[in-house]
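What follows is one structure encoded as structure tokens, with my remarks underneath.
The values are calculated or read from the model by the stated rules, or taken from the named source; none is laboratory data. Keep in mind that this is a model prediction, so the values were computed, not measured. Heads up, the Cβs are rebuilt from the backbone with ideal geometry, glycines too, and the neighbour counts pull from every protein chain shown. To get the accessible areas, we keep the full protein, side chains included, count just its heavy atoms, and leave off ligands, DNA and RNA. Shrake-Rupley method; radii C 1.70, N 1.55, O 1.52, S 1.80 Å.
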Amino acid sequence: MQRVSVVGTSGVGKTTLTGVLARALDVPALQLDAVHHLPGWTPIDTPTFRQQVGAFVARPGWVVDGNYAAVRDLVWARADTVVYLDYPRWRVMRQLVPRTLRRLITREELYNGNREELPNLLSRDPDRNILLWAWTTHRAKREEFTAAMADPANAGLRFIHLTSPAHTADFVRTLRE
């Protein structure tokens, strides 16, 4: 395991696990959200996004965190392992709500000067409200990654399907041993 894609719904813990894996494997990590969201939450143009991600995954070892379809072909073509975090929706929300509120209150910078913003959190638009996004896309992400694991086109990838924090902790423990 030297080139790892970490996927799953928003708020499931991809970034945290990515950091753990990158340290354990002694490879660099890339958070796709940090590349995709320019200052002011402006999305990067797709050709530039693909160029930057393509350059990163050309390295001999790495961990990439994120679900962007626009670059999945680049990431998975070079990956040897896909770690799919697939927690129940209630568990994701139990993690995401406090994290989002903490970030809002502390004004924690996420990337490129972007921070959680109260108008976004109050919005009924899932494209703006991370809580609604996670709630409304949970089932679709589960269907998408379940299908990807079964797809013969991905037969060259090792899928690690983690369904709970305890399962993830066991996986991390085996890595450290």
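Every test in (1) open to solvent by 40 Å² or more (accessible area, probe 1.4 Å); (2) touching a Pro at 6+ places or on another chain (Cβ under 8 Å) is passed by residue 137 save one, and that test is (1). Applying the criterion of at least 3 residues that are open to solvent by 20 Å² or more (accessible area, probe 1.4 Å) and touching a strand residue (DSSP E or B) at 6+ places or on another chain (Cβ under 9 Å) to the helices (runs of 4 or more DSSP H) found wholly in the stretch 1-92 leaves 14-25, 32-36, 69-78.
Could you say whether any residue in the stretch 100-107 is of a type outside the set (A, V, I, L, M, F, W, C), more than 26 Å from residue 59 (Cα to Cα) and part of a strand (DSSP E or B)?
no
Does the stretch 134-143 contain any residue that is touching a Phe, Trp or Tyr at 6+ places or on another chain (Cβ under 6 Å), modelled with pLDDT of 95 or more and not in a loop (DSSP other than H, G, I, E, B)? So far as the stretch 134-143 goes, no, none of its residues is touching a Phe, Trp or Tyr at 6+ places or on another chain (Cβ under 6 Å), modelled with pLDDT of 95 or more and not in a loop (DSSP other than H, G, I, E, B). Selection within the stretch 93-115: residues that are β-branched (Val, Ile, Thr) and touching a residue at least 24 places away in the same chain (Cβ under 8 Å). The member of this set that is most open to solvent (accessible area, probe 1.4 Å) is 97. Name the residues in the stretch 156-170 that are in a loop (DSSP other than H, G, I, E, B), at pLDDT 95 or above and open to solvent by 50 Å² or more (accessible area, probe 1.4 Å), would you? If the condition is that a residue be in a loop (DSSP other than H, G, I, E, B), at pLDDT 95 or above and open to solvent by 50 Å² or more (accessible area, probe 1.4 Å), then 163 is the only one that fits.
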